[in-house]
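Undergrad: Just dropping this structure here.
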Amino acid sequence: MKTQTFDLAKLSEPKRRELLHQVWESVNRKIFPTVSDDDFHDLLMSKDVPVNCLHIYCDDGGRIVGYVNCRVLEIAGPDGRYSILRFCTNILSEYRGLGSTSKFIVQQLLRYYVSKVFQKTKVILFFTANSPASYYGVARYAREIYPNPRGETPSKARMMLENISQLCGLDMKRTNFNDFTTHYEGVEVHESDQESEAWKHKSHPAVRFYLNNCPNYKQGQALITMAPIDLSNLSYSLITWTVDLILKKSGVRKSSYRSLTGKVTNAGQRIKLSPI
């Protein structure tokens, strides 16, 4: 897929509106059919942030088929300064599993970690996981993630989740496991019956944990999640992601998403496989 990156903060208002309308029309309205054009614009432009970039993916014909939005919030915490990286990722279903979004996200995390390490600024990945794929996609590459499917969230991490959520204006609710979810009123996630059923049968702890916390994700429920970006966590993620990429390229294993919903070719055509 072809890619292009835009700095939304530097675009003029008319150009930004036009670009976001194209992305909404091509991608977002097909995944979130109840989210309007204006709502999508306000979601990505709701905060005055120093960094707000949009990385779009196009097929060979130039049609937009996905995007990753990266926003950075700079905040002062009780123990120093923090850079909060928020990612919003959506890819049309027939193009998922190609690994392109992971590459861009890893590049951004690495770039901000390196730029802040000598400033003694802590870097945190923060997102609201609105599907099993979004939480599982991070949890399988992160050694340290909160909430964690392998144990209880420490009080310090839970306090940080609360503080960042309040800063972002999220409506928080506690889960049965004392973690946090939020709910996007009126937002419905379009997902095929095959995908939903396949997630129910996937045994990975991250998927099981997510479904137990967010059984109503298709109606706008999302799991509030963060992962500290330090040397230990970043090294683990880079090694795990690189090994995973090598195994996929060599054909030893297939994309986790494709194992759920079918094989995706470079042309964007799906060959149906049986759900696992």
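Undergrad: (1) exposed (fewer than 15 other Cβ atoms within 10 Å of the Cβ); (2) part of a helix (DSSP H, G or I): which one isn't true of Lys173, the others all being true?
TA: (2)
Undergrad: Could you tell me whether Lys120 is in contact (Cβ under 8 Å) with a residue 12 or more places away in the chain, more than 17 Å from the chain's Cα centre (by Cα) and surrounded by fewer than 17 Cβ atoms within 10 Å (Cβ to Cβ)?
TA: Against the criterion (in contact (Cβ under 8 Å) with a residue 12 or more places away in the chain, more than 17 Å from the chain's Cα centre (by Cα) and surrounded by fewer than 17 Cβ atoms within 10 Å (Cβ to Cβ)), Lys120 qualifies.
Undergrad: Which of the following residues is small (Gly, Ala, Ser), surrounded by 21 or more Cβ atoms within 10 Å (Cβ to Cβ), in contact with a helix residue (DSSP H, G or I) (Cβ under 7 Å, 6 or more places away or on another chain) and closer than 19 Å to Tyr82 by Cα: Ala129, Ala227?
TA: Residue meeting the stated conditions: Ala227.
Undergrad: Within the range 81-90, is there a residue that is basic (Lys, Arg), within 30 Å of Ala198 (Cα to Cα) and without any contact (Cβ under 8 Å) to a residue 12 or more places away in the chain?
TA: No, the range 81-90 contains no residue that is basic (Lys, Arg), within 30 Å of Ala198 (Cα to Cα) and without any contact (Cβ under 8 Å) to a residue 12 or more places away in the chain.
Undergrad: To continue, here is another question. Surrounded by 13 or more Cβ atoms within 10 Å (Cβ to Cβ) and under 30 Å from Pro228 (Cα atoms): is that true of Leu43 in this structure?
TA: Yes: the conditions hold for Leu43.
Undergrad: Evaluate the range 137-155: report whether one residue or more is closer than 21 Å to Gln221 by Cβ, in a loop (DSSP other than H, G, I, E, B) and among the basic types (Lys, Arg).
TA: No - not one qualifying residue is present in the range 137-155.
Undergrad: Another question, if that's okay. Does Cys214 satisfy the criteria of being surrounded by 12 or more Cβ atoms within 10 Å (Cβ to Cβ), among the hydrophobic types (A, V, I, L, M, F, W, C), over 22 Å from Ser83 (Cα atoms) and under 17 Å from the mean Cα position of the chain (by Cα)?
TA: Judged against the criteria, Cys214 is a match.
Undergrad: What are the residues in the range 220-250 that are touching a strand residue (DSSP E or B) at 6+ places or on another chain (Cβ under 8 Å) and of a type outside the set (Asp, Glu), if any?
TA: Gly220, Gln221, Ala222, Leu223, Ile224, Thr225, Met226, Ala227, Pro228, Ile229, Asn233
Undergrad: Quick check on Val35: is it among the β-branched types (Val, Ile, Thr) and out of contact with any Cys (no Cβ under 9 Å at 6 or more places or on another chain)?
TA: yes
Undergrad: Look through Gln221, Gln194, Gln166, Gln119 and report the one residue that is touching a Cys at 6+ places or on another chain (Cβ under 8 Å) and farther than 21 Å from Val68 by Cβ.
TA: Of the residues listed, the single one that is touching a Cys at 6+ places or on another chain (Cβ under 8 Å) and farther than 21 Å from Val68 by Cβ is Gln221.
Undergrad: So, in the range 184-201, exactly how many residues are over 14 Å from Ser134 (Cβ atoms) and crowded, with 18+ Cβ neighbours inside 10 Å?
TA: Qualifying residue count, the range 184-201: 1.
Read the figures in this text as sums done on the coordinates, not as results from a lab. These figures come from a predicted structure and were not determined experimentally. Don't worry about glycine lacking a Cβ; one is built from the backbone with ideal geometry, like all the others, and counts go over all protein chains shown.
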